[in-house]
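The values are calculated or read from the model by the stated rules, or taken from the named source; none is laboratory data. The structure displayed is predicted, hence computed values, not measured ones. Counting neighbours? That spans all protein chains shown, and the Cβs are built from the backbone with ideal geometry, glycine included. Please note that ligands, DNA and RNA were not included when accessible areas were found on the heavy atoms of the full protein model with its side chains. Shrake-Rupley method; radii C 1.70, N 1.55, O 1.52, S 1.80 Å.
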Amino acid sequence: MSGQWWRHAAIYQIYPRSFADGTGDGIGDLAGLRNRLGYLKDLGIDALWLSPWYTSPMADAGYDVADYRDIDPLFGTLADAEAFLAEAHALGIRVIVDIVPNHCSDQHPWFQAALAARPGSPERELFWFRPGRGEHGELPPNDWQSNFGGPAWTRVPDGEWYLHLFAPEQPDWNWNHPEVRADFTRTLRFWLDRGVDGFRIDVAEALVKDPALPDFADLPIGVPAPWLDQDGVHEIYREWRAIADSSPQEAIFVGELWLTDPERFARYLRPDELHTGFNFPFLSAAWDAGELRTVVDQTLATHAPVGAPATWVLSNHDVTRVVTRYGRADTRHTWDLTREAHAADLALGTKRARAAALLSLSLPGTVYVYQGEELGLPEVQDLPEEVLADPRWERSGHTDRGRDGCRVPLPWSGDAPPFGFSPAGVRTWLPQPADWKALTAEAQSGDPGSMLTLYRTALRLRHQTADLLAGGLRWLPSDPEVLAYARGDSFVCVVNLGVEPVELPEYAEILLASGDLVAGKLPADTAVWLRTA
Ligand code: GLC
């Protein structure tokens, strides 16, 4: 792997607390991850992205960082992280870590110092402290709302308020302050020196705020929210890009950018900024040929002018698992749909998720696989309320069940929980459904019809097929309900999203199919990879 590996890599997302538990406390960790590196090698991925592993009180599962340059004891030590990096690299697997620059933890020493200091003190300048409104300052400084529900401001005992776009335990940094910038530069260098191959940037579009902190309701419709996509954010990423470019390992960035305007999105991917950004329009699209074709076209058109590779993402640790989403009446991702359980036909969802795997793994660019996607895990929609850990649950006054259903610990082996995730008898941090015994990695290994075998085969073919590493695609004539495209000289993918079986174009060999053909035709909700010459 060399030469712009990130333009066509298959990247697997590890959610550390739910991947594998090596220490027997019911929570995933680095020891567990190191034990399972062989599984990841066999799966055939090029790189890992790890959700945060830093010191954290875990108010938002590690997205509240108290020390950016150390590992949380739940997961291990810095030495464990270094050993893991060396072992992954020895297997030819690159490692991208999460960086959380928009906010830290309220336990971060600099926020603790700010709380202990006076209003107007230099310590408070590192964050967004403001007096309140109202006669006694009893109202928040403006009308901004937290992403997790409720106001984006919390009052401290001396009467000032501080800004948090997420939970109150996640105070927003003030990126206008040079010391904040300098400290993140130190953090990037710290991990680059330890050999990480890149960074996934959390909430990448929100670092810079309109310094006037205007009320949102007063702004004209259509202007970006004053906490999002402010022009000043690009200056930060130019600086960061220069740091990554100066690293010997060709380190890369992937931005978490939930922007709806494709042109605004592309600005982050200019040649001197981020290498890639997550494709959330693709993740949000319904299981519908017209909608997916539009998203693919728009994605490629958005990326071409800036020369950045597209990314293809079906799910992550924040959204409903695909098997469940594609089995619902409404197959889109929307935040509203994630709030509560919805009926899902899992057999149908699984069939579609298999077809979607062949779609996303054969589009031009980088592909992300969220842990458990390769096992066809469904969303666990019936977790008991008392185990729900996502801050969305509490912050919403128990109206939003949050994101725990896609974070249930992976089933590895055996017939009963904890399914090899933890040693027998240990309770995992979220309970696994008893019927996951058919979905363990062990049960699926060697089963030609399993999701795991489909992913392993597809990833192997992806590496072996030169056409899949070439840029661009050509749509082939097809029914409107069908996606059919060619890559390179002799590769074709056909996905049938309609209800009737369809004829295949002429081919020399079927490389892989997500389900059986019927009398030579491609049935509904099935995809096929063909070699045509
Ligand atoms: C991102 C993360 C999410 C987290 C939030 C706040 O959206 O993906 O898990 O809760 O940022 O850091």
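Taken together, the residues in region 139-174 that are within 18 Å of ILE99 (Cα to Cα) and within 15 Å of the ligand (Cβ to nearest atom) amount to 9. Within the span defined as region 36-49, every residue fails to be in contact (Cβ under 8 Å) with a residue 60 or more places away in the chain and over 30 Å from THR457 (Cβ atoms). Residue pairs whose Cβ atoms lie under 6 Å apart, separated by 6 or more positions or on different chains, with the first residue in region 399-423 and within 16 Å of the ligand (Cβ to nearest atom) and the second assigned to a loop (DSSP other than H, G, I, E, B) and among the polar types (S, T, N, Q), are GLY405/GLN381; VAL408/GLN432.
Could you please let me know if TRP240 is over 19 Å from PHE278 (Cβ atoms), away from the ligand (no atom under 16 Å from the Cβ), open to solvent by less than 20 Å² (accessible area, probe 1.4 Å) and in a helix (DSSP H, G or I)? Full working, then the answer.
Numbers: over 19 Å from PHE278 (Cβ atoms): no; away from the ligand (no atom under 16 Å from the Cβ): yes; open to solvent by less than 20 Å² (accessible area, probe 1.4 Å): yes; in a helix (DSSP H, G or I): yes.
Considered against the rule, which asks whether it is over 19 Å from PHE278 (Cβ atoms), away from the ligand (no atom under 16 Å from the Cβ), open to solvent by less than 20 Å² (accessible area, probe 1.4 Å) and in a helix (DSSP H, G or I), TRP240 comes out as no.
For region 268-304, a tally of residues being without any contact (Cβ under 8 Å) to a residue 40 or more places away in the chain and more than 20 Å from the chain's Cα centre (by Cα) returns 9.
Answer with yes or no whether LEU257 is more than 16 Å from the ligand (Cβ to nearest atom), of a type outside the set (Gly, Ala, Ser), open to solvent by less than 10 Å² (accessible area, probe 1.4 Å) and not in a helix (DSSP H, G or I).
Working: more than 16 Å from the ligand (Cβ to nearest atom): no; of a type outside the set (Gly, Ala, Ser): yes; open to solvent by less than 10 Å² (accessible area, probe 1.4 Å): yes; not in a helix (DSSP H, G or I): yes.
No: the conditions fail for LEU257.
For ILE96, the criteria (1) within 15 Å of the ligand (Cβ to nearest atom); (2) surrounded by fewer than 16 Cβ atoms within 10 Å (Cβ to Cβ); (3) of a type outside the set (Ser, Thr, Tyr); (4) within 27 Å of TYR455 (Cβ to Cβ) hold in every case but one, which is (2). Taking the conditions (1) away from the ligand (no atom under 16 Å from the Cβ); (2) under 30 Å from ARG395 (Cα atoms); (3) crowded, with 21+ Cβ neighbours inside 10 Å; (4) charged (D, E, K, R) in turn, ASP60 satisfies each one other than (1).
Beta carbons closer than 9 Å, at least 6 apart along the sequence or on distinct chains, never pair a first residue in region 305-329 that is free of Cβ contacts under 8 Å to residues at least 12 places away in the same chain and assigned to a loop (DSSP other than H, G, I, E, B) with a second that is within 16 Å of the ligand (Cβ to nearest atom) and not hydrophobic (A, V, I, L, M, F, W, C). ASP479 meets the stated requirement of being of a type in the set (Asp, Glu) and either free of Cβ contacts under 8 Å to residues at least 12 places away in the same chain or in a loop (DSSP other than H, G, I, E, B) (or both).
Go through region 243-254 residue by residue and tally those that are in contact (Cβ under 8 Å) with a residue 24 or more places away in the chain and either of a type in the set (Phe, Trp, Tyr) or in a loop (DSSP other than H, G, I, E, B) (or both). Give the derivation first.
Initially, region 243-254 is screened for residues in contact (Cβ under 8 Å) with a residue 24 or more places away in the chain, giving 243-244, 247, 249-254.
If we keep only those that are either of a type in the set (Phe, Trp, Tyr) or in a loop (DSSP other than H, G, I, E, B) (or both) too, we end up with 247, 249-251, 253.
Residues meeting the conditions: 5.
Filter region 331-381 down to the residues that are among the aromatic types (Phe, Trp, Tyr) and touching a residue at least 24 places away in the same chain (Cβ under 8 Å) and list them by number. Those that are among the aromatic types (Phe, Trp, Tyr) and touching a residue at least 24 places away in the same chain (Cβ under 8 Å): TYR368, TYR370. Taken residue by residue, region 377-387 has no member that is part of a loop (DSSP other than H, G, I, E, B), open to solvent by less than 10 Å² (accessible area, probe 1.4 Å), more than 16 Å from the ligand (Cβ to nearest atom) and touching a Phe, Trp or Tyr at 6+ places or on another chain (Cβ under 7 Å).
Do we have GLY24 as part of a loop (DSSP other than H, G, I, E, B) and surrounded by fewer than 18 Cβ atoms within 10 Å (Cβ to Cβ) here? Taking the combined requirement at face value, the residue satisfies it. Filtered by the rule that a residue be of a type outside the set (A, V, I, L, M, F, W, C), more than 16 Å from the ligand (Cβ to nearest atom) and either without any contact (Cβ under 8 Å) to a residue 40 or more places away in the chain or under 24 Å from GLY24 (Cβ atoms) (or both), region 63-90 gives ASP70, PRO73, GLY76, THR77, ASP80, GLU82, GLU87.
Restrict the check to region 166-173 and report whether at least one residue is open to solvent by 20 Å² or more (accessible area, probe 1.4 Å), without any contact (Cβ under 8 Å) to a residue 60 or more places away in the chain and either among the acidic types (Asp, Glu) or farther than 17 Å from TRP110 by Cβ (or both). Can you show your working first?
Going residue by residue through region 166-173, those that are open to solvent by 20 Å² or more (accessible area, probe 1.4 Å) are 166, 168-169.
Among the residues that remain, those that are also without any contact (Cβ under 8 Å) to a residue 60 or more places away in the chain are: none.
No, region 166-173 contains no residue that is open to solvent by 20 Å² or more (accessible area, probe 1.4 Å), without any contact (Cβ under 8 Å) to a residue 60 or more places away in the chain and either among the acidic types (Asp, Glu) or farther than 17 Å from TRP110 by Cβ (or both).
Checking each residue in region 63-91 for being surrounded by 18 or more Cβ atoms within 10 Å (Cβ to Cβ) and in a loop (DSSP other than H, G, I, E, B) picks out TYR63, ASP64, VAL65, ALA66, ASP72, LEU74, PHE75, GLY76.
Can you confirm whether region 99-108 contains a residue that is part of a loop (DSSP other than H, G, I, E, B), more than 16 Å from the ligand (Cβ to nearest atom) and at pLDDT 95 or above?
Keep residues of region 99-108 that are part of a loop (DSSP other than H, G, I, E, B), which gives 100-102, 104-108.
If we keep only those that are more than 16 Å from the ligand (Cβ to nearest atom) too, we end up with none.
No, region 99-108 has no match at all.
Return a yes/no flag: does region 210-233 have any residue that is open to solvent by 20 Å² or more (accessible area, probe 1.4 Å), closer than 19 Å to ARG392 by Cα, among the aromatic types (Phe, Trp, Tyr) and within 16 Å of the ligand (Cβ to nearest atom). Explain how you work it out, then say what you get.
Keep residues of region 210-233 that are open to solvent by 20 Å² or more (accessible area, probe 1.4 Å), which gives 210-212, 214-224, 227-228, 230-232.
Among the residues that remain, those that are also closer than 19 Å to ARG392 by Cα are: none.
No, there is no match, as no residue in region 210-233 is open to solvent by 20 Å² or more (accessible area, probe 1.4 Å), closer than 19 Å to ARG392 by Cα, among the aromatic types (Phe, Trp, Tyr) and within 16 Å of the ligand (Cβ to nearest atom).
Just so you know, in region 47-57 the residues that are among the small types (Gly, Ala, Ser) and closer than 26 Å to VAL367 by Cβ include one that is farthest from the ligand (Cβ to nearest atom), and it is ALA47. The single condition among (1) touching a residue at least 60 places away in the same chain (Cβ under 8 Å); (2) surrounded by 20 or more Cβ atoms within 10 Å (Cβ to Cβ) that ARG186 does not meet is (2).
Taken over region 482-507, residues that are in a loop (DSSP other than H, G, I, E, B) and more than 26 Å from the chain's Cα centre (by Cα) amount to 12.
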